Amino acid sequence: MAVEVRIPTILRNLTGEQKAVTAEGGTLSAVIDDLEANHPGIKDRLVEAGPGDGVGLRRFVNVYVNDEDVRFIGGLDAEVTDGDQVVVLPAVAGG
Amino acid sequence: MLTIDQATYDGIVAHAKKDHPDEACGIVAGPEGSDRPERLVEMVNAAGSPTFYEFDSTEMLALYKDMWSRDEEPVVVYHSHTATEAYPSRTDIGLASEPGAHYVLVSTREHGNNEGPVEFRSYRIVNGEVSEEDVVVVPELPPAETR
């Protein structure tokens, strides 16, 4: 179950400057764990503690699976299938 | 130093005045590595707020995919402050995620939606460090180097 993950500029120091990497997993959570195994440090930039004992996607990180914002399709539990495209984009936001 | 053409400068200022008292936001895209702000893209402030801005997530994905297909990057990321000076807030610094971009801040606090000068300042924000840079407004950008 390989998917392509598009990496934003600010995280490319963790992927050897690659703009896209492949990862495996049936859910977004599994994909992120697989990314972490190959690119240590990346998971902490994508998820944070909570709610409760679990972890959730960071508030100001957008992740899309096949152009759908994962917040609308299950968050970290979003299903991912072979050939899907995952895009990570830090929010452009401020005060 | 940020070099920007008059029409793009005017477009950013007009957007900020139009959206006042809410914050306006957008980017100016340019060819990767060129440092040329060529294509102004006004974005919706999904927060619709006088004290916060955030690109709408769906619109933002469309924007980035469009830039990738054109081999562009965000050369300028701009937003307005409507009641405070044109200097990055703590939130702006904490959330800055385009280390290669010029972060432009426009303040509409003096004249709001009306005619009149605005503060227009530019910064680099890298690893939480802010450095202000000069802004040079030119009638038109010089011709692109042939690549």
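The values are calculated or read from the model by the stated rules, or taken from the named source; none is laboratory data. This structure is a prediction, so every number in the text was calculated from the model and none was measured. Reconstructed Cβ throughout: ideal geometry from the backbone, glycine too, with neighbour counts over all protein chains shown. Surface areas here come from the heavy atoms of the whole protein model, side chains and all, with no ligands, DNA or RNA. Shrake-Rupley method; radii C 1.70, N 1.55, O 1.52, S 1.80 Å.
Could you pull out every one of the strands (runs of 3 or more DSSP E) wholly within segment B:51-147 that has 3 or more residues that are within 15 Å of B:Pro31 (Cα to Cα) and touching a strand residue (DSSP E or B) at 6+ places or on another chain (Cβ under 7 Å)?
Strands (runs of 3 or more DSSP E) meeting the threshold: B:72-81.
Could you tell me whether any residue of segment B:50-59 is of a type outside the set (Phe, Trp, Tyr), touching a residue at least 40 places away in the same chain (Cβ under 8 Å) and within 20 Å of B:Gly11 (Cβ to Cβ)?
no
Take the conditions more than 14 Å from A:Val5 (Cβ to Cβ), modelled with pLDDT of 95 or more and either touching a Phe, Trp or Tyr at 6+ places or on another chain (Cβ under 8 Å) or not in a helix (DSSP H, G or I) (or both) and apply them to A:Pro40. Does it pass?
Yes, satisfied.
Farther than 20 Å from A:Arg58 by Cβ, assigned to a loop (DSSP other than H, G, I, E, B), open to solvent by less than 60 Å² (accessible area, probe 1.4 Å) and out of contact with any Lys or Arg (no Cβ under 7 Å at 6 or more places or on another chain): does that describe B:Asp35?
No; evaluated as a whole, the condition is false for this residue.
Restricting attention to segment A:57-95, which residues are assigned to a loop (DSSP other than H, G, I, E, B), more than 7 Å from chain B (Cβ to nearest Cβ) and either at positive phi or not acidic (Asp, Glu) (or both)?
A:Arg58, A:Arg59, A:Asn66, A:Ile73, A:Gly74, A:Ala78, A:Val80, A:Thr81, A:Gly83
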